[in-house]
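Participant: One structure, as structure tokens, below. Some questions next.
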Amino acid sequence: MSGTLPPVLPGPRRIVTSHDSDGQAVVSVDGTVHSSVMIEGLHGHRTGTFWASTDGMPTNDNNCLEDGGARQVGDFGLFASNTTNFIYSDLGPGVRTPMHRTPSIDYNILIHGELILITDDGKETHLKNAGDVVIQKGTNHAWRNPGTEWTRWATVLVDAKPAVVNGQELGLFFGD
């Protein structure tokens, strides 16, 4: 990546519904979810939290007034045991994330731009269309934006038992 990054994408709108005292469905939150730098020094990678359920699974969030979008989840705001986390990530043009792995099932949905998934074997899988989906089963991976503008994708991370290969547990990893 060379030069200055273009302006970041605007924060997405988040609407949360709940119940009033009579049991009627109401909109309880309607606002913008702003992003912040995920890893210090990597200003081309930003994230924002739509919702995090941190009280176990099944969650009791249907009976809680706390805004799950204000909760912090584990390391780097990605994953913690016994949680689900719904976030979005923005990646600047030419930016590549470090390799990382969480003991979770991750549902990733491309929203804007292009994205390349990089796996341990060096294979690069190019996501080109909004709505393209990657499901990760506790795998080591990195992301790279091959485009000239910011890319955005949404991810739901669901706590899972770590993958086990040849008797070795593949747990949390952040590196490169």
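Participant: Which condition from (1) open to solvent by 50 Å² or more (accessible area, probe 1.4 Å); (2) of a type outside the set (Phe, Trp, Tyr); (3) modelled with pLDDT under 90 is the one that GLY44 breaks?
Facilitator: Just one mismatch for GLY44, condition (1).
Participant: In the range 164-176, how many are surrounded by fewer than 16 Cβ atoms within 10 Å (Cβ to Cβ) and touching a strand residue (DSSP E or B) at 6+ places or on another chain (Cβ under 8 Å)?
Facilitator: Within the range 164-176, residues that are surrounded by fewer than 16 Cβ atoms within 10 Å (Cβ to Cβ) and touching a strand residue (DSSP E or B) at 6+ places or on another chain (Cβ under 8 Å) number 8.
Participant: Restricting to the range 66-100, name every residue that is closer than 26 Å to ILE118 by Cβ and of a type in the set (Asp, Glu).
Facilitator: Scanning the range 66-100 gives ASP75, ASP90.
Participant: On to the next question. Mind listing whichever residues of the range 140-160 are more than 24 Å from HIS34 (Cα to Cα) and surrounded by fewer than 16 Cβ atoms within 10 Å (Cβ to Cβ)?
Facilitator: ALA160
Participant: Quick check: is even one residue across the range 60-83 aliphatic (A, V, I, L, M), open to solvent by 50 Å² or more (accessible area, probe 1.4 Å) and over 30 Å from GLU169 (Cα atoms)?
Facilitator: Scanning the range 60-83, I find at least one residue that is aliphatic (A, V, I, L, M), open to solvent by 50 Å² or more (accessible area, probe 1.4 Å) and over 30 Å from GLU169 (Cα atoms), so the answer is yes.
Participant: So which residues in the range 94-115 are open to solvent by 30 Å² or more (accessible area, probe 1.4 Å), aliphatic (A, V, I, L, M) and closer than 14 Å to TRP150 by Cβ?
Facilitator: Result: ILE111, single match.
The values are calculated or read from the model by the stated rules, or taken from the named source; none is laboratory data. These numbers come from a predicted model, not from an experiment. Here Cβ is always computed from backbone atoms with ideal geometry, including for glycine, and neighbour counts include all displayed protein chains. Accessible surface is based on the protein model in full, side chains and every heavy atom, while ligands, DNA and RNA are left aside. Shrake-Rupley method; radii C 1.70, N 1.55, O 1.52, S 1.80 Å.
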